[in-house]
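Okay, structure first, notes after.
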2 protein chains.
Amino acid sequence: MYQCSETNKTRETFCDIYFEMSLKKILLGTVFLRNRYIGLSSVSTITDKKYRFDESEGFLFRTKGKILTAAVFSSVLIGAAVNEQIKDKNVKSQSNDVVIEAGEKLPDLPTYTAEEVSKHGDKNSFWVTYKHGVYDVTKFLPSHPGGEQIMNAGGLSIEPFWNVYGMHKTPEIYKLLESYRIGNLHDDDVIDHSDDELWVKEPVRDNRLIVKTAKPFNAEIPAKYQIKFFDTPNELFYVRQHMPVPELDADDHRLKVTVKGSKIRTEEFSLRDLDKFRRVTTRAALMCAGNRRSEMNEVKPVKGIGWMGGAISNAVWGGVYLRDVLLYSGVDPEDTKGKHVIFTGADIDATGVNFSTSIPLDMAMNPSSGILLATTMNGHPLPPDHGRPLRVVVPGAPAVRSVKWLQSITVSEDESPSHWHQKDYRAFNPSKTWETADFATAPPVYSLPVTSAICDPADGDVISVKNGAVQVRGYAYSGGGAKIVRVDVSADGGRSWWEARELQADAAPPQQHYGWTLWTASVPVATQQKEVELWAKATDSNFNTQPERFNDIWNIRGILSNAYHRIKIKLVH
Amino acid sequence: MYQCSETNKTRETFCDIYFEMSLKKILLGTVFLRNRYIGLSSVSTITDKKYRFDESEGFLFRTKGKILTAAVFSSVLIGAAVNEQIKDKNVKSQSNDVVIEAGEKLPDLPTYTAEEVSKHGDKNSFWVTYKHGVYDVTKFLPSHPGGEQIMNAGGLSIEPFWNVYGMHKTPEIYKLLESYRIGNLHDDDVIDHSDDELWVKEPVRDNRLIVKTAKPFNAEIPAKYQIKFFDTPNELFYVRQHMPVPELDADDHRLKVTVKGSKIRTEEFSLRDLDKFRRVTTRAALMCAGNRRSEMNEVKPVKGIGWMGGAISNAVWGGVYLRDVLLYSGVDPEDTKGKHVIFTGADIDATGVNFSTSIPLDMAMNPSSGILLATTMNGHPLPPDHGRPLRVVVPGAPAVRSVKWLQSITVSEDESPSHWHQKDYRAFNPSKTWETADFATAPPVYSLPVTSAICDPADGDVISVKNGAVQVRGYAYSGGGAKIVRVDVSADGGRSWWEARELQADAAPPQQHYGWTLWTASVPVATQQKEVELWAKATDSNFNTQPERFNDIWNIRGILSNAYHRIKIKLVH
């Protein structure tokens, strides 16, 4: 019994925490208020709940039949909440009940030159500009979802950064920014930072993808297409970008491999050079570590793209083994302990830093891990969105390790120093906050836990019962080479579990199994049942299973969100 | 909220199922009744509950301060229940309110000769004898916990079998047997099957071990010794035997390796021959797949030894790589797919069949899997209880695969045909019963999921709070080479989680990490708290975590019992 009451208490605790939040955390607070309003007040009555993602927000909404837009939220809910919280702060900007555009010139404020602003670029005094606005965001620094990245903008305009990290461009963040307004930037120093040129070369995308953020482009594959194809067609493969897509020429592309040992040795490979290694293909699903984050977000808000279950797809990758290239480049297979392989892509952030992350050299050199330098995807050259002309594919790992547009590999004593490696894709227990989480000591995620999702029916569907049962289909996957050995579905809250009869998977060995598994289960339902909640859980070849609920795996970043998938459907007999 | 009520409904369903059981399942029924009586009626009041194992029963009892013996149970609880259930069946034996010895001659029953009995040895009519008793157990066959093994005793005395499988020798099973009594065996055919000679050569054991069954010998290591030593001293390493311990001479011992391919090739190795391969050491914990079964048994009874958390220990094993020996013996490393390696030990069951199980050849040939043919344990020759002079050590797998007293290895297209391989160590979902479980299609368990246990304090301990916190120590482990990356402890039902600060583990690479991890956590408690329930859960390098509860991982055999470990302690401030 106590588990339930603990759950409630946990929710209450969350409420308290969030209501106690200072102004510096308004953004999170409003998200939570929204969640609480929609979630808690209607959870007992909504039976046909639908998920709908509002692109401009970056968060998932639960609605009751109708779609509540960001504007409605902003004016009705968030507006009120923000209004309440900031009314006693000396905000010199607009009223809070209209959606504002930040950075307008305001007559009553002092004017600063760019030179003056540039003197305020450290943690003691941290100013930024946006269009005509000057902002002192010193007190906001510890709460920045992107962590230390913000430090790059100290004393400067934040526009070039927000052009790369387009998720900032929301009414809430504009409003939050304005709450820190202290002045106007001198007219002579206001520069047009419009982002046209950065994004003009983005590839054309399939309009069946569900767009989560436009710039950078992040989009998931609809559930119905996940189960339609065992190997996902390239144009439907989910897309996760951190920055604009670089445009690279396959003929000119060079891969630099540097091995730091007693002396530093560097090799350079054209794609033609790489072809001299034995060519292989590997079937591997790639999954974002944040897949299914939207479900964890319902327990308590987390930071990150609100992926539903569509941040995973499956493909056959063609290329050469990373191990072979590393051996050729001088890596001693007996001297791997404690070393790392840093992958760097051609995609560049607003400060000119290339995307980069690393994996342990042990992992790279293990023949079972099957890591590829891939040039093809399902038999075709890599599409631009998936790393053309060369990417790493690290099977079983979070897809972030499978660096796209690969331009260099460095074998080093150290992990990648990049923000993406040091300050993201690490896990914490549910009690760690952004203030207490120590990224330096938290282990990077190099392998993903077992997960599954129901793809058909969808949450809220009305299903005709045939022969006393409903057919349920979905995917399951486990990282680290583990194979899915069983998928169980319950339609009665765990009292009975029905094993999926059909598991579609390839024949790779159990601990070297990197593809996903599609499954079909027939789940009996009683004739009096008008509505059921379906639960799915998978078991992998290590006999790990999914946790029941998200509460105890909740983490600030919303990754590794692998509790049971639960949907409600209506039945027609 | 619904999760709780589902839990209750699940319990009620279990009750119904068990109360509906037919006479053939009295044994299970009585066990459940006992569990229900002790468990459900007192779960809310017992705060200082202690676990005590009654050896003659083979099940775990929960008592409130005093020890309830098997005799008390038999006469008070089980006796009454059995009495109730069998009163309308035509049982021709003793009254049910006294503990009986089976097989006494009963004057009112017909007499059969051994020859007559021997005609009833198939599933249509299945008779066995025990001392003077003749029994028609045809209807019991589907319910036999040991599955098909019972068929070997068709038309014969079951005494030689029970001498090997000593767990049958309990008052309940004698009573169950007598419920099938149909006659007396002719005096001339009654043979003395006393078991003295079988067990006379058993090794001397350390009396600190907690004995679960005497014949065969199964004993767990007390929790306090688990955390006292990172590598468990040989004499405290838990012991799991299926049969009597064979006595083998290291000098004369031979290992036969047979590789079945286009032609059959056999090599024979003395221990001295094996020394010619490179000698290596590997640190690996071995854990019974049934470790922590007693906790799963509290949800609903399962079949098997009632291990608490002591069926896991850690050691450094010395020997040679199985892979090297297989390569030498003619295994083609490129032709492993779908093949198996069958290990056969020198321990023999009542029918003369040697213990045997198998693993996939892929697993055996994978250099990362580090499987040994071991001759030493923590630097000493293997003790008799641990396989002297030669055993397999399959790191990360259920210990059953690490066959002791190894005398032959066969590379084959097929898995081991043995009962232990085909009818045990396979997993099912909670809805599968002994009647519906299909062992043929269920995947064998070759790797273990993440688990942990609190070793200190023990359940029911009274602990002095120091500096507002209690120190909690335990072990954590994950199979398949996964490393433990985090252990979290909660003292408030999951509202807050405290990360263990000290993780003691060796430095093996993440996916080749086979030792266990010892941990220490400091868990704050409020001054007003007089009692807390501690929860422990571990996370491994694939970021799999333990399931919250046993309900949804329950399985008929009680294996893979890895939900959160929960204990209650009293606090003194």
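Here, each number is a calculation from the coordinates, and none is a lab measurement. The structure presented is a predicted model; accordingly, all values stated were derived computationally and were not measured. Cβ: placed from backbone, ideal geometry, glycine included. Neighbour counts: every protein chain shown.
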**Prompt:** In Å, the Kirkwood hydrodynamic radius of the range A:186-294 over pairs of distinct alpha carbons?
**Reply:** 18.2
**Request:** Show the residues, 5+ positions off or on another chain, whose built amide H is closer than 5 Å to the amide H of A:Phe428.
**Result:** A:Ile556
**Prompt:** R0 = 51 Å: FRET efficiency of B:Lys201 with A:Asp324, Cβ-based, nearest 0.05?
**Reply:** 0.40
**Message:** List the GluC sites (Glu not before Pro) within the range B:255-355 that DSSP assigns to loop and that have no more than 11 neighbouring Cβ atoms inside 10 Å.
**Reply:** B:Glu334
**Fill in**
Filtering trypsin sites (Lys or Arg not before Pro) in the range B:291-376 by DSSP loop and by at most 15 other Cβ atoms within 10 Å leaves B:Lys337
**Asked** Relative to the other copies, what are the label-point distances for A:Gly379, with labels 7 Å from Cα along the C-beta vector, expressed in nm at one decimal and sorted shortest first?
**Response** 6.1
**Whole-Hz ³J(HN,Hα) from phi, Karplus 6.51 cos²θ - 1.76 cosθ + 1.60, for the range B:341-349, glycine and proline x** = 10, 9, 9, 10, x, 8, 7, 10, 8
**Fill in**
Ranked on Cβ counts within 10 Å of their own Cβ, fewest leading, A:Lys537, B:Lys119 go B:Lys119, A:Lys537
**From phi via Karplus (6.51, -1.76, 1.60), per-residue ³J(HN,Hα) for the range B:308-321 in Hz, x at Gly/Pro** = 7, x, x, 9, 8, 8, 10, 8, 9, 9, x, x, 10, 6
**Item:** Counted charge near A:Asn291, where neighbours are those whose Cβ lies closer than 11 Å (Asp, Glu -1; Lys, Arg +1)
**Value:** +1
**Request:** Give the distance, in whole Å, between the Cα centre of the range B:253-292 and the Cα centre of the range B:528-564.
**Result:** 34
**Asked** Across the range B:359-365, in residue order, what do the Karplus-derived ³J(HN,Hα) couplings come to in whole Hz, using 6.51 cos²θ - 1.76 cosθ + 1.60 with θ = phi - 60° and x for Gly and Pro?
**Response** 10, x, 5, 3, 5, 5, 8
**Message:** Given 25 °C and 0.890 mPa s, compute D for the range B:118-250 with the Stokes-Einstein relation, Rh being the Kirkwood radius over Cα pairs; round to the nearest whole µm²/s.
**Reply:** 143
**Prompt:** Long-range amide H contacts for B:Gln407: which residues qualify at under 5 Å (H placed 1.01 Å from N, peptide plane, sequence gap of 5 or more or a different chain)?
**Reply:** B:Thr344, B:Gly345, B:Ala346
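Please compute the net charge surrounding A:His186, taking Lys and Arg as +1 and Asp and Glu as -1 over other residues with Cβ under 13 Å from its Cβ.
Net charge around A:His186: -3.
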**Request:** Please work out the C-alpha center-to-center distance from the range B:154-213 to the range A:105-183 and express it in whole Å.
**Result:** 82
**Asked** What are the residues whose amide H is under 5 Å from the amide H of B:Gly183, where those residues sit 5 or more places off or on another chain and H is modelled from the backbone?
**Response** B:Val134
**Request:** Can you grab the distance from the C-alpha centre of the range A:218-246 to the C-alpha centre of the range B:225-239, Å, no decimals?
**Result:** 50
**Dipole magnitude of the range A:242-331 about its Cα centre (Cβ charges: Lys, Arg +1; Asp, Glu -1), debye to nearest 20** = 480
